1. Restricting attention to segment 235-248, does a residue exist that is touching a residue at least 12 places away in the same chain (Cβ under 8 Å) and within 14 Å of the ligand (Cβ to nearest atom)?
2. Out of SER29, SER74, which single residue is touching a residue at least 40 places away in the same chain (Cβ under 8 Å) and closer than 18 Å to LEU218 by Cβ?
3. Pull up segment 50-70, narrow it to residues that are buried (at least 20 other Cβ atoms within 10 Å of the Cβ) and either under 13 Å from the mean Cα position of the chain (by Cα) or within 10 Å of the ligand (Cβ to nearest atom) (or both), then point me to the one that is nearest to ALA216 (Cα to Cα).
4. Quick check on this structure: which one of GLY138, GLY44 is at positive phi, surrounded by 17 or more Cβ atoms within 10 Å (Cβ to Cβ), within 15 Å of the ligand (Cβ to nearest atom) and not charged (D, E, K, R)?
5. Output the residues belonging to segment 1-28 that are in contact with a Ser or Thr (Cβ under 8 Å, 6 or more places away or on another chain) and among the hydroxyl-bearing types (Ser, Thr, Tyr).
6. Looking at VAL230, VAL226, VAL197, which is the one that is under 19 Å from ASN12 (Cα atoms), in the same structural domain as MET134 (by TED's automatic domain parsing) and either part of a loop (DSSP other than H, G, I, E, B) or within 16 Å of the ligand (Cβ to nearest atom) (or both)?
Amino acid sequence: MEEKVTASAIANRKGKEKIVMVTATDEPSGRLVDQAGVDVVLVGDSLAMAVLGRPNTLAVTMEEMLHHIRAVVSGVRRALVVGDMPFGSFQVSVAEAVRNACRLVGEGGAEAVKLEGPRIAAIKAIVACGIPVMGHLGLTPQSLHLLGGYRVQGKTVESARGLLEQAQKLEAAGVFALVLEGIPPSLAKVITAKVGVPTIGIGAGPHCDGQVLVLADLLGLSPGPVPRFVRRYASLDTVIRQAVAAFAGDVRSGSFPAPEECYPDPPELSAWAQGEV
Ligand code: KIV
């Protein structure tokens with residue numbers, strides 16, 4: 001078996017081979033993305049929309065995240081599994097942030113946690129417990145209402161400087177990697193050059209040390225329109241609709257099940273059954 005990916009191995013990839021991160025939400029998706037050779041599997045709070053049909057990432061609980069993290073962990077052998085800290089699990093106090101990070105790792109089996117925003121005290125305290133933390137800056141969807149929507153961040157020099165400063169503080173607080181979401185490519189380039197930990201971009205252009213996409217977006221399972229940064233690598237929505245429609249057609253026409261899809265009838269039983277009907 002290939003060597004297990006650790007948080008420190010990801011940190012050491014800075015400036016070397018690009019890091020590939022993909023989300024997963026259950027055992028099959030965890031197993032398949034791991035077998036495809038990704039470096040990091042993120043059980044992201046985007047599962048609120050991707051698999052639970054909720055309107056945004058604010059609407060997912062610790063218990064739900066734990067449920068999905070456990071399922072993903074059971075499917076992944078090689079990649080690093082990162083559990084996302086849901087809205088409300090780390091904002092109230094540092095003690096709660098530590099308790100909930102410990103739950104994602106202890107009960108859930110995640111090998112690192114990710115949390116949004118410049119939560120320096122919480123990050124330091126979680127790292128001090130021995131839990132690797134991935135930061136997340138820029139368009140942080142849990143701050144949707146404060147940001148006034150899903151808007152690209154860091155478009156002015158002043159706000160870009162602010163984000164650079166936050167990234168440097170996160171590095172000093174001990175994050176092993178940093179997600180940059182929804183920022184201009186030139187700002188992502190500056191942050192990537194000025195921090196010593198790898199940056200993993202989503203809607204942040206090509207200069208990051210790695211890239212992440214939500215699996216449902218990548219596979220064509222999320223309803224459109226999708227954000228500009230999404231590239232569809234498959235149209236599984238069409239594949240699934242066609243497969244299920246074909247099954248329905250076969251059931252209705254009587255062509256399913258065929259004899260080879262049935263258990264053989266014992267001769268004595270067939271003779272008895274023929275007499276009964
Ligand atoms: O929840 C998620 O999927 C994420 C990625 C977009 C980075 O946080």
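The values are calculated or read from the model by the stated rules, or taken from the named source; none is laboratory data. The shown structure was predicted, so the numbers you read here are calculated from the model rather than taken from an experiment. Glycine also receives a Cβ, built like all others from the backbone with ideal geometry; neighbour counts cover every protein chain displayed.
1. no
2. So the residue among SER29, SER74 that is touching a residue at least 40 places away in the same chain (Cβ under 8 Å) and closer than 18 Å to LEU218 by Cβ is SER29.
3. Here the answer is ALA50.
4. GLY138
5. Result: THR23, single match.
6. On the way: VAL230 fails: under 19 Å from ASN12 (Cα atoms); VAL226 fails: under 19 Å from ASN12 (Cα atoms).
The unique qualifying residue is VAL197.
Let's see how each residue does on (1) basic (Lys, Arg); (2) closer than 22 Å to PRO55 by Cβ:
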| position | (1), (2) |
| --- | --- |
| ARG78 | yes, no |
| SER93 | no, no |
| ALA97 | no, no |
| ALA101 | no, no |
| LYS114 | yes, yes |
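Matching residues to (1) assigned to a loop (DSSP other than H, G, I, E, B); (2) in the same structural domain as ALA95 (by TED's automatic domain parsing); (3) over 16 Å from the mean Cα position of the chain (by Cα); (4) within 24 Å of VAL105 (Cα to Cα):
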{"site": "ALA160", "(1), (2), (3), (4)": "no, yes, yes, no"}
{"site": "LEU178", "(1), (2), (3), (4)": "no, yes, no, yes"}
{"site": "ILE191", "(1), (2), (3), (4)": "no, yes, yes, no"}
{"site": "HIS207", "(1), (2), (3), (4)": "yes, yes, yes, no"}
